[in-house]
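The values are calculated or read from the model by the stated rules, or taken from the named source; none is laboratory data. In this text the structure is predicted, and so the values were computed from the model without any measurement. Cβ: placed from backbone, ideal geometry, glycine included. Neighbour counts: every protein chain shown.
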Amino acid sequence: MSNRTLNTLRPTETLELESGLSLIPRIKLLLTIYRADKSVSPIDEWKFKRSLIEYIKSSFSITIPEEDLEIRKFKDLNKRKREEPVARGRLFVHELGFLAKVIDETEYNVEKADKKFLEWRRVFVEKLNGIELNLEGIKFQLNVAVPVGDDFEGMKKEWEEINAFGARGYQRSGRMQPDTVVLKGMPSRWFAETRVSSKPSMLVTHTIISALGKIRNLHVAEDNGIGDDADGDIISGLHCKIVVRFEKHMDFFDALKVLCGRSLQKQGSRLRADYDVTWDKDGFFRDARHQIEERKRIPERGVEERDEGHRQNSRVSQFSSEEGRRRRFKE
């Protein structure tokens, strides 16, 4: 898939990848729930979910399936202060057909479509943020935020500021543009060789990710922490972390933009991978290259000592062999 195709992808369109995978558009919001009254009663997660789903349906005419709304109360509620949150969660809007009229599917200008989509999401978040839900006389307040990994414009502003003022791995130069994307929470088996291993394969990963642009460096490893909004019940080996460095900044730019605001789905499966995506601020591959160069800078004396030791061992082996032959000859 060419970069031109990525450039023409609307925020509500799906991107097909290799191995039966696809990047499907969705809206993801992080929820934080606080008490809105003096009650000390614990939050009922199921009642809160039902109340919020009904509110969204009546206020925005959007139907949210129960499986697309996650609410988890904190385990240490007895130790928390009244002003601290009692629960957190995630809200997903996968069915985005209603946005066709908002974005105007007949509009071929992708930039305008992006702006209309972001404006609608901004208003949606503002209207949800701060609402109070009454659960049989117990009130709770909802705070809503867009995840950092879904805020492409925010990440773009961040690297532009770093590029201007300088930071680790990026000198103060307009030529030093980011080129590396970091993905966390990817299902390992979706990037593994079928019927060979459940661990992610470098070859399979390269084949899948190369649809987003030309790759310069690729790193795949086990990931046991899939993000700040994870519930902490992570099973080792199920997820992997992918760090991909593209050959050109524009490949990186287009890939990151497409990865923001989407989930990974496997053909024939209803499961979705709601990964975390960001850009590499620390120079992952630059540090790796630096470490390799440091290893190469071994003092010449050490090299000579190893060579001299090798020569001595060779002479000893040769002497022993010659001595043995002379003894056998005398016998």
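If the condition is being out of contact with any strand residue (DSSP E or B) (no Cβ under 7 Å at 6 or more places or on another chain) and not in a helix (DSSP H, G or I), then the stretch 65-93 contributes 65, 75, 76, 80, 81, 83, 84. When the residues of the stretch 42-64 are filtered to those that are more than 30 Å from the chain's Cα centre (by Cα) and not in a helix (DSSP H, G or I), the one that is farthest from residue 81 (Cα to Cα) is 61. Selection of the stretch 96-139 for residues being surrounded by 14 or more Cβ atoms within 10 Å (Cβ to Cβ) and not in a helix (DSSP H, G or I) yields 96, 129, 131, 133, 135, 138, 139.
Any residue in the stretch 254-271 that is of a type in the set (A, V, I, L, M), modelled with pLDDT under 95 and surrounded by 15 or more Cβ atoms within 10 Å (Cβ to Cβ)? There is no residue in the stretch 254-271 that is of a type in the set (A, V, I, L, M), modelled with pLDDT under 95 and surrounded by 15 or more Cβ atoms within 10 Å (Cβ to Cβ).
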